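As C-alpha cells, the structure follows; a few thoughts come after it.
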Amino acid sequence: MGACLGGLTLLAWLSLLHWHDKPHALELHHDGVEAWQAFIALASMWSVMMLAMMLPVMLPMVVKIDQLNRAQPLSQRLSVLAFLGGYFVLWLGGAWLMAALQWQMALGLRLDPFTAWHTALTALVLLLAGAFQFTAWKKACLRQCRSTIGFLVNHWQRGWYGGWRLGLRHARHCLVCCVLEMLVMASVGVTNAW
C-alpha cells in the first residue's frame, strides 16, 4: 500500500512540474477555451496539488491501519480503502471549493485566476493565516493530524463504515490546519507557489 501511495505522490508532483514548465497550458484566454474548461483546469490543478501535498502526510496513518488490519478478515483489512476514500472525498472537495473561490475572486476582481489577487486582499489573507498559526484551534487540529497512534487509539472503528468515518475525521483535522495556507496559495496566484 505504501509503495502505491508513494508512486501516486510522485506522479502528482511530476504533473505539477509539467504544469509549471508549461504555464500557457493553464491560461484562460486561448482561442476556443470555454469558461467551464478553464475552471476544470483550475480545479484539476488544485486536486493534483492536494494529492501531492497530502499523500505523504497521510502515509503513516495508512501504513498503521494496514498493519493493524493484517490479522483481520478480508472485510476488515479493506477498511484502509474506506479510510482513503473518506480522506480524499473531503480533501478533493476542499480542492474544488478552493478552485471555485479562486475563480469567483478572479471574476469579481477581473483577474486571471492563475495570478495574484489584489495586494490589499493578499495582505489580509497573509495576516489571517499568520494569526491562525497561534490559535488553540489550529494546535488542537494539528495535534490530531500529526499523532497517528493517538488518533487511532481515540477514534478507531472497525469495518468499512468505521474506516470511512476515520478518514473523514482525520481529513477534517488536517484540512482545518491547512485551509488558510490554501487561501494564501489562492491569493498569491496558485502557479506562483514555485
Task: Within region 65-77, considering residues that are open to solvent by 60 Å² or more (accessible area, probe 1.4 Å) and not in a loop (DSSP other than H, G, I, E, B), the one farthest from Arg169 (Cα to Cα) - done: Leu74
Task: Some residue of region 108-129 being open to solvent by less than 60 Å² (accessible area, probe 1.4 Å), within 16 Å of Val179 (Cβ to Cβ) and modelled with pLDDT of 85 or more - done: yes
Open item on the list: When you check Leu92 against the structure, is it open to solvent by 30 Å² or more (accessible area, probe 1.4 Å) and at pLDDT below 85, yes or no?
Closed with: no
Task: Enumerated helices (runs of 4 or more DSSP H) restricted to region 127-188, each holding at least 1 residues that are touching a Cys at 6+ places or on another chain (Cβ under 6 Å) and not β-branched (Val, Ile, Thr) - done: 136-146, 159-188
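The values are calculated or read from the model by the stated rules, or taken from the named source; none is laboratory data. The shown structure was predicted, so the numbers you read here are calculated from the model rather than taken from an experiment. For neighbour counting, all protein chains shown are included, and Cβ atoms are generated from backbone atoms with ideal geometry for every residue, glycine included. Note: areas computed on protein heavy atoms with side chains; ligands, DNA, RNA excluded. Shrake-Rupley method; radii C 1.70, N 1.55, O 1.52, S 1.80 Å.
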